[in-house]
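The values are calculated or read from the model by the stated rules, or taken from the named source; none is laboratory data. A quick note: this is a predicted structure, and the numbers were derived from the prediction, not measured. So basically every Cβ, Gly included, is an ideal-geometry build from the backbone, and we count neighbours across all protein chains shown.
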């Protein structure tokens, strides 16, 4: 996208010092011709730190009303309660806010946007806010959206294999510390041995995550559901424009640093063929089809981490349902799952400045 | 079960020196009053080794026809092709064979038995062979069978989180070696870094398994399915006596030493309530309901390893289907998933000797 220099919009990055903020700055540096001034904003505690963006050292400023003076677009990557308070302030000062928290995702007056799936939605934003989906939803939705456009989605059953960086820097530090503890030991072979060795050092997780899988992410909602599971269901429905879509989800944390994986059982309105599904996935923007088990090809987090697309493999037609497909999907939860989609939405809005 | 000393049947354990064999010997030692003589049998390479069972050192003998002389029950835990050759020989010599390979599981003349679910099936064995299911099927089927008995199962969608010991001792050694390699490093954060660090040391797995999840187990079957996925579908149908049951499965290996986990989306003939499902699971033999997310209670491999039951948590009714349940299930793949179920089947048969 070419933006004439005199029209380049001013960008604020709120939450520049976090995990996702770090990846955002990389992406902004790669897409260096989009923005005019870039202001880096964080909590008062982080103000004064210097971060590099587009090759220039830039001082982080504290979050106050005046940081939004003259800002055209503000990306927010902050906790829900901070976004709930500050996104409307930024919007009232004329900035279009692209928010990566859960605060506004289900607000009827806030579009929830994945540029490959529903870019049109970003143009209608009564509150001046556009929401970025949850990382788990984003790790699969580009591939699902492409299949939905062809076959018409009727049902989703999803299980996640979520990386620890979805819980922020503390998640990564916790896994690294636990790995150092278990390496070279026989831990993981008798009941409770890991729990005893790890003690209270479970970080943001309710159980040890090294040599373990933990069927919990987020907070407790009604009837035993986790907030993460509800997000995947509710956000998928909103993005796809299918408010009644049956979606069953179980979210599980695994000892992977970055890249969420999901198994997907998808049922469609019409009969599907693997051949046509593969054609769609092979040509869909933002999707890589990596699916040749005979040659050992299927996506894993180790291959996908650090890359932009949604990777899809293990494409099979359900054996007992001609309208069903089974998939295994991987997406980098810090890139497409957070920073990249935020940047893509912001670029859709930046394009309006030159339209 | 009390077996009078003079009627105690003679047992042969074929494959006594493997991972599962080791757990079998522990279980035989705990259930010490069932069997008369116990013969330990392995390949010629392992013959002469001494193993302890019921507190006594016992010499391992090489597999030959004569080892089955006078044997009442023979447990086999050997590769498929060894079982295919030797189980009929043992049966022809009068032993009832309990086989843990895949060689006979789908044979119409061989019952596939889970004592909590279909014990009656073990009595009809035209070939003198009873098959023990695959470890992944066994890690969930006791819980599913209990729910099926009440609600009538209509469909299963299953995703696995399979431990490396499902691939034998080599699987465990591979994960341990990779963990020592990655601990204290920043590996797992850039594309391909794990693959390069691990090199060819992927053991029985197609990709690095430390800090990764690998959507593959077993060998390639038609249309992109893995043998492990087909086993879960075909064996579940046979055990439950539902030959037409729709079953969708994706099998994924995770960096856990022992204990397979599965997410299960189950649809039933009639409406279900979580309350009644919990009552069934709380009272079903061989099942532990561990399900109080508010108190941080849900099963994980770290808690379940080394225990006998099938642990069930995260019990929720599907939000969009009153006849659906979501579950997270853990089972020790070496105990109930292999050795314990084999021992339980053998004990059903031993009971016939005193009937």
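Residue-by-condition table, conditions (1) in contact (Cβ under 8 Å) with a residue 24 or more places away in the chain; (2) under 21 Å from residue B:22 (Cα atoms):
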residue: B:71; (1), (2): yes, yes
residue: B:84; (1), (2): no, no
residue: B:97; (1), (2): yes, yes
residue: B:108; (1), (2): no, no
residue: B:115; (1), (2): yes, no
residue: B:118; (1), (2): yes, no
residue: B:124; (1), (2): no, no
residue: B:133; (1), (2): yes, yes
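Residues that are within 7 Å of chain B (Cβ to nearest Cβ), touching a residue at least 24 places away in the same chain (Cβ under 8 Å) and under 17 Å from residue B:314 (Cβ atoms) within region A:201-220 comprise A:212, A:213, A:214, A:215, A:216, listed in sequence order.
Against the criterion of being more than 19 Å from residue A:130 (Cβ to Cβ) and at pLDDT 95 or above, residue A:50 qualifies.
Restricting attention to region B:185-200, the residues that are buried (at least 24 other Cβ atoms within 10 Å of the Cβ) and either in contact with a strand residue (DSSP E or B) (Cβ under 9 Å, 6 or more places away or on another chain) or within 7 Å of chain A (Cβ to nearest Cβ) (or both) add up to 2.
Looking at region B:251-274 only, could you name the residues that are in a loop (DSSP other than H, G, I, E, B) and either free of Cβ contacts under 8 Å to residues at least 40 places away in the same chain or farther than 26 Å from residue A:223 by Cβ (or both)?
Once the filter is applied, which keeps residues that are in a loop (DSSP other than H, G, I, E, B) and either free of Cβ contacts under 8 Å to residues at least 40 places away in the same chain or farther than 26 Å from residue A:223 by Cβ (or both), region B:251-274 yields B:251, B:252, B:254, B:255, B:256, B:257, B:258, B:259.
Would you say residue A:322 is surrounded by fewer than 22 Cβ atoms within 10 Å (Cβ to Cβ) and either within 22 Å of residue B:248 (Cα to Cα) or at pLDDT below 95 (or both)? So residue A:322 fits the description; yes.
Here is a yes/no grid of residues against (1) in contact (Cβ under 8 Å) with a residue 24 or more places away in the chain; (2) over 18 Å from residue B:265 (Cα atoms):
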site: A:167; (1), (2): yes, yes
site: A:174; (1), (2): yes, yes
site: A:178; (1), (2): yes, yes
site: A:185; (1), (2): no, yes
site: A:222; (1), (2): no, yes
site: A:225; (1), (2): no, no
site: A:244; (1), (2): no, yes
site: A:249; (1), (2): yes, no
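Does residue A:299 satisfy being touching a residue at least 12 places away in the same chain (Cβ under 8 Å), closer than 23 Å to residue B:221 by Cβ and surrounded by fewer than 18 Cβ atoms within 10 Å (Cβ to Cβ)? For residue A:299, the condition - touching a residue at least 12 places away in the same chain (Cβ under 8 Å), closer than 23 Å to residue B:221 by Cβ and surrounded by fewer than 18 Cβ atoms within 10 Å (Cβ to Cβ) - is not met.
Within region B:290-310, the set of residues being in contact with a strand residue (DSSP E or B) (Cβ under 9 Å, 6 or more places away or on another chain), farther than 19 Å from residue A:209 by Cβ and facing chain A (nearest Cβ under 7 Å) comprises B:294, B:307. Scanning region A:73-90 for residues that are touching a helix residue (DSSP H, G or I) at 6+ places or on another chain (Cβ under 9 Å) and surrounded by fewer than 22 Cβ atoms within 10 Å (Cβ to Cβ) returns a single hit, A:89.
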